[in-house]
Amino acid sequence: MKQEPTSPQDWLESARSFQQNLVAQWTQLAQSMPGAAASAPSPAPDASDPWAAFKAFLPPNAASPAFGLPGAMPGLAGMGDMFNQAAGHPVSFDPAQLAEIRDQYLKDAAGLWTPGGEVKPVGDRRFASEAWASNPMAAFTAAVYLLNARTLMALADAVQGDAKTRTRVRFAVQQWIDASAPSNFLAFNAEAQKMALDTKGESIAKGVANLLHDMKQGHVSMTDESVFEVGKNVATTEGSVVFENDLFQLIEYKPLTAKVYERPFLLVPPCINKFYILDLQPENSLIRYAVAQGHRTFVVSWRNPDESLAHKTWDNYIEDAVIRAIAVTQDITGADTINALGFCVGGTMLGTALAVLAARGEEPVHSATFLTTLLDFSDTGILDIFIDESSVKLREMQFAQGGIMSGRDLGTTFSFLRPNDLVWNYVVGNYLKGETPPPFDLLYWNSDSTNLPGPYYAWYLRNMYLENKLVQPGAVTVCGEKIDFRQVKLPVYIYGSREDHIVPIGGAYASTQIFPGKKRFVMGASGHIAGVINPATKNKRSHWIGPAGKFPATSEKWVESATEHPGSWWTDWSDWLKALAGKQIAAPKNVGKGKQYPVIEPAPGRYVKAKA
């Protein structure tokens, strides 16, 4: 067995040799990234350059001499292209911050090279396994990676520009950092290597099989999808499809109580996902909860668009789906008015439909609930970085003659908002370690993607995300009517999730400023899905309620006066809805309405089962 170096000189020689190998490995890794094939071969790394390992970590085109900061960061005069490309235009940096970044990097790098220095990666679950800690080279590789990652993010923070430019640069740099982690590559992943040795190669064979399987299905497996079947062990609340057209099926659920409220309840889920996020399991089903509270419940189940729907527009979805669903619910129940709920973009469509109906002098909806919904698109969070004039024009050109926006592409975009959790975690587990992810109904739903009609999608991007016209009175016309939320005077319940990265809490709260009627705003803990799907029986998380009738201009001001309450927001919402649901009457013995609205098939219906 080779003896480890014991003297400082021996250690330094060993470290210098390791640095040369490490830089060469990073260079090879960088050249394997997309676009590297078109780049000129990188020069041999120079171990005497204190920035060598850092420069090898950068994308290949970062070697361009376009940074324009001579003397500010010696040895790094050519990495600006990466930041320029991330921003979409040339960027500048704060010289004082650059000097601090340089000094901190050299200090931290020196600490790694010091004999006896701490090189074990701390506080990052990607490198938490004992296999990393017990392998000096692996530990050092991870430590250098984390140092380089911190430095790159510090450089991103030093970019000067508007908020959108800075956010766009941070996002792009973070994507590169996350993709370049040594844990993502078998050649560097000590844990995967140990597993391969321990299993005598079986983990690698399973990993290859997993990779081939995922290539065939078209997406990375986040859960064992073979365990689940829609209608069998997800989306099981009993009901029937009582109406359908080319855009949606309407499901009526069987009452669970002897009496129901006279005013029926309609849920409009997002068409960008499938409705059964609201009906995963009996214990966490918002649909079943509403039925159990005595509401005669109807749910829109969207069709997964194919080429036959390639020309459908936002107007089609409002007139022929949301407004039609409201009317059918009225017809079946005989109710003059109904209560309605919209979730995410389902809420945006519900709000639009209410404004269209108000412009026509019609008020068929008595109250509306908006869950994590954007109507004012001033604050769209991280999604804003994908939206600008050129990107929207590209989509408009792409779908000028119709077409389908792929659900898989949309799903990939959302996954890369949290790449370590929703992409690389599964790449490492599935392919490098040969593991099968455990069954998880939420992740099964997340992988069950839906397409969108291209014209619908392009109109939505321009008029809402780019130009924010929906909230401007009379600025946009839908179904022949000028949209003006000042005419929508019904009571509204508005919910936002505190850590939501799809609909930021400020964006959800903004709806309090546009409706003139009675309002209630509640903030829940957690994110876009977990905050909403928080059953009352679990008594998890918290929700916040502000003083009645007080809605300051911003969510930050509202939070200052809000009171925290333990447990789910569901009970607060249920109490609010019951007060608006009318008197109780005998529950119907049958769903639908005779020959006019016969039962077509059992819930959850066939539309929700169609794959993208």
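Below are the figures for this structure:
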{"item": "Which of 142, 235, 193, positive extreme of dipole for region 108-260 (C-beta unit charges)", "result": "142"}
{"item": "Descending semi-axes in whole angstrom, ellipsoid equivalent of region 531-581, from the Cα gyration tensor", "result": "21, 15, 8"}
{"item": "Computed E for residue 186/residue 606 - FRET, C-beta separation, R0 41 angstrom, nearest 0.05", "result": "0.45"}
{"item": "Value of Rg to Rh for region 446-485 (Rh from inverse mean 1/r over Cα pairs, i.e. Kirkwood)", "result": "1.11"}
{"item": "Reduced Cα scattering model of region 133-196, Debye log10 I(q)/I(0), q = 0.28 Å⁻¹", "result": "-1.13"}
{"item": "Axial C-alpha extent at least 20 Å, average Kyte-Doolittle at least 0.5 - helices from the chain (DSSP)", "result": "136-157, 345-359"}
{"item": "Cα centroid of region 457-514 to Cα centroid of region 310-349, whole Å", "result": "16 Å"}
{"item": "Theoretical gain in end-to-end length, residue 167 to residue 97 [0.36 nm per residue, Cα-Cα removed]", "result": "23.5 nm"}
{"item": "Estimated [θ] at 222 nm from DSSP helical runs (n ≥ 4, -39500 (n - 2.57)) normalised by residues in the chain, nearest 500", "result": "-10500 deg cm²/dmol"}
{"item": "Relative contact order [Cα under 8 Å, 6+ residues apart], region 314-413, whole percent", "result": "25 percent"}
{"item": "Where labels lie 7 Å past Cα in the beta-carbon direction, separation of residue 130 and residue 216 in nm", "result": "3.7 nm"}
{"item": "Carbon and sulfur %, accessible surface of region 418-492 computed with the full protein complex present, 1.4 Å", "result": "51 percent"}
{"item": "Sorted peptide list for 318-330, 460-472, criterion being average Cβ within 10 angstrom, highest first", "result": "318-330, 460-472"}
{"item": "Listed residues 314, 459 arranged by accessible area, highest first, probe 1.4 Å", "result": "459, 314"}
{"item": "Rounded, prolate or oblate (a/c below 1.5 giving rounded, otherwise prolate when a/b exceeds b/c) for region 167-247 by Cα gyration tensor", "result": "oblate"}
{"item": "Which listed pairs, of 312/538; 259/593; 254/595; 254/482; 469/519; 232/433, have C-alpha distances above 29 Å, in listed order", "result": "312/538; 254/482; 232/433"}
{"item": "Portion, in percent, of the accessible area of region 355-413 that falls on carbon or sulfur, probe 1.4 Å", "result": "49 percent"}
{"item": "Residue-span extension gain [residue 246 to residue 137] - 0.36 nm each, minus C-alpha spacing", "result": "33.3 nm"}
{"item": "Considering only region 462-611, percent of DSSP beta bridges that pair antiparallel, nearest 5", "result": "60 percent"}
{"item": "Listed residues 254, 583, 164 arranged by accessible area, highest first, probe 1.4 Å", "result": "583, 254, 164"}
{"item": "Whole-number percent relative contact order across the chain, with pairs defined as alpha carbons under 8 Å at least 6 apart", "result": "15 percent"}
{"item": "Carbon plus sulfur fraction of accessible area for region 154-246, probe 1.4 Å, in percent", "result": "58 percent"}
{"item": "Burial ranking of peptide ranges 548-559, 474-485, 333-344 (average Cβ count within 10 Å, highest at the top)", "result": "333-344, 474-485, 548-559"}
{"item": "Residue 113 paired with residue 583, simple spin-label distance in nm, labels 7 Å along Cα-to-beta-carbon", "result": "8.6 nm"}
{"item": "Principal axes of region 483-612: Cα extent on each, largest first, Å", "result": "54, 34, 33"}
{"item": "Cα-based reach from residue 206 at 17 Å (exclusive), listing aspartates and glutamates while leaving out same-chain residues under 8 positions away", "result": "191, 198, 214, 224, 225, 435"}
{"item": "Per residue accessible area of the chain, 1.4 Å probe, in Å²", "result": "44 Å²"}
{"item": "Relative contact order computed over region 203-260 (Cα-Cα under 8 Å; 6+ residues apart), in percent", "result": "18 percent"}
{"item": "Within the chain: Cβ-based charge dipole about Cα centre, in debye rounded to nearest 20 (Lys, Arg +1; Asp, Glu -1)", "result": "1400 debye"}
{"item": "Gain upon complete extension [residue 565, residue 254; 0.36 nm per residue less C-alpha separation]", "result": "108.7 nm"}
{"item": "For peptides 507-516, 395-404, sequence by mean Cβ density within 10 Å, most packed first", "result": "507-516, 395-404"}
{"item": "Taking the convex hull of Cα positions in the chain, its mean projected area over all directions (nm²)", "result": "30.9 nm²"}
{"item": "Inter-label distance for residue 409 and residue 311, nm, one decimal - labels placed 7 Å from Cα along Cα-to-Cβ", "result": "2.1 nm"}
{"item": "Protein-only accessible surface order, largest first, of 528, 213 at 1.4 Å", "result": "213, 528"}
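The values are calculated or read from the model by the stated rules, or taken from the named source; none is laboratory data. What you are looking at is a predicted structure, and each value in this text was computed from that prediction instead of being measured. Heads up, the Cβs are rebuilt from the backbone with ideal geometry, glycines too, and the neighbour counts pull from every protein chain shown. What goes into the accessible areas is simple: the full protein's heavy atoms, side chains included, and nothing from ligands, DNA or RNA. Shrake-Rupley method; radii C 1.70, N 1.55, O 1.52, S 1.80 Å.
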